[in-house]
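The values are calculated or read from the model by the stated rules, or taken from the named source; none is laboratory data. If you're wondering where the values come from, they're calculated on a predicted model, not measured in any experiment. Cβ placement follows ideal geometry from the backbone for every residue including glycine, while neighbour counts extend to all protein chains displayed.
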Amino acid sequence: MKPGIFVTTLEDAGFSPFMGIPCSVLKPLLDYIADSNSPTRNYLCSSEGDAMGLAAGFSLSGRLPVVYMQNDGYGNAVNPLSSLYLLYKLPVLLLISWRGEPGVKDAPQHAVMGKTILPLLDTFEIPHIVLDNDEGNLKDSVAKAKNHCTTESKPFAFVIRKGYFDRHSTSISQSNTSLNRRLDYIRLLSAKLQPNDVLLGTTGFSGREMYQTVTHKGKFYMMGSMGCLASLGLAIALEQPEKRVILLDGDGAILMKMGALATVGYHRPGNLIHICFDNRSYESTGEQPTLSTAVNLLDVAEACGYPTVNNVKTIGEFEAIMNNEAKYPKPLFIHIEISPGTEEELTRPPTSPEEMRDCLRAFLQ
Ligand SMILES: Cc1ncc(C[n+]2csc(CCOP(=O)(O)OP(=O)(O)O)c2C)c(N)n1
């Protein structure tokens, strides 16, 4: 499906504006919206729950908003769906990408939502259509959605398979090539690790690059549950005060559950180093912009109670901090400005999630 036709069909039926959190399946659609001269308004958000709240305001204002998300993000949308949309009866069109569809090869973190997204929509009594690639069918599906949204005043969902959208070539990039890439920092960090360190990487490219590059035993890649790394690492730091716990986080992931910084700042583990790789984008889903251009994450961490916060723009600055790390009060927040870009050969780890769990547990004992 051509993203332009898709957007025009929705807009012609009165569906707008758009808002949500990206998925690589939706990349062509989001590239089109960002790139085209179409007046489509796309509101960047911090999480799917946030997008649902925003859309509810548009819905109350008489609009027919569209919220896009990965099926993993449906978990974040469930609370506003149940106690806002279904309670007050508000219309919204959900565009949900179907990762982990049974029978289709995908990353392990999508398996549960892949199997359950359609039954979950049924449980919520949200009528849904799995879209096929036919323009005529799209018109009919949009008409059904519009009819449901206006007569029932309730949510309707389109489920979007991998490969549904045709590629849309875009020239838009957040790239600031004068900055180093994430991998340069991970390599340096790897050389500075102490045998007892625990190294935790978030969903997105940080965890994948770390897992592929670092041979250290105490490493763990939290491949799903976007935004949970700080909380997970906090507990490990509190339980293992004699070990340094180093978190490799992303700007998109931190923004998604920014409240976790308050939890860390409140409990103040003396052994936690929280690194944020900020490329101002959701790079791993196709480099869509995050809100980080408008947020000073250093100030946020400081306001949340991290006693030391540092901004880094060069490898030299990072090295100097890591060489003197012991003298900084913790938790220590290091915000690293990076350019997007990964190794060509970035793979998904061959290790299963349960093996990763067992390795970390063994290391922690
Ligand atoms: C709840 C949820 N929503 C959306 C996604 C899809 N997703 C996976 S990685 C990612 C981007 C993460 O961005 P960031 O933390 O900035 O890391 P980067 O991709 O730049 O490495 C997104 C949106 C997800 N896994 N979970």
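One table, with the values for the structure above:
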{"read-out": "D106 within 16 Å of the ligand (Cβ to nearest atom), modelled with pLDDT under 95 and either surrounded by fewer than 20 Cβ atoms within 10 Å (Cβ to Cβ) or among the basic types (K, R) (or both)", "value": "yes"}
{"read-out": "Pair list, Cβ under 7 Å, 6 or more apart: the range 277-301 residue at negative phi, other residue assigned to a loop (DSSP other than H, G, I, E, B) and of a type in the set (A, V, I, L, M, F, W, C)", "value": "F277/I338; D278/I338; N279/I338; T285/C23; V300/M258"}
{"read-out": "Residue within the range 192-204 that is buried (at least 22 other Cβ atoms within 10 Å of the Cβ), at pLDDT below 95 and of a type in the set (G, A, S) present", "value": "yes"}
{"read-out": "Entirely in the range 257-363, the strands (runs of 3 or more DSSP E) that have 3 or more residues that are more than 16 Å from the ligand (Cβ to nearest atom)", "value": "308-312"}
{"read-out": "Any hit, the range 210-217, residues being within 12 Å of the ligand (Cβ to nearest atom) and in contact with a helix residue (DSSP H, G or I) (Cβ under 9 Å, 6 or more places away or on another chain)", "value": "yes"}
{"read-out": "Residue that is modelled with the lowest pLDDT [pool: residues in the range 22-54 that are touching a helix residue (DSSP H, G or I) at 6+ places or on another chain (Cβ under 7 Å) and among the β-branched types (V, I, T)]", "value": "T40"}
{"read-out": "Residue check for G224: surrounded by fewer than 23 Cβ atoms within 10 Å (Cβ to Cβ), under 12 Å from the mean Cα position of the chain (by Cα) and near the ligand (Cβ under 8 Å from one of its atoms)", "value": "yes"}
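Yes or no, residue by residue, for (1) closer than 24 Å to N324 by Cα; (2) within 16 Å of the ligand (Cβ to nearest atom):
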| site | (1), (2) |
| --- | --- |
| F158 | no, no |
| T170 | no, no |
| R182 | yes, yes |
| Y185 | yes, yes |
| P195 | yes, no |
| T203 | no, yes |
| R208 | no, yes |
| F220 | no, no |
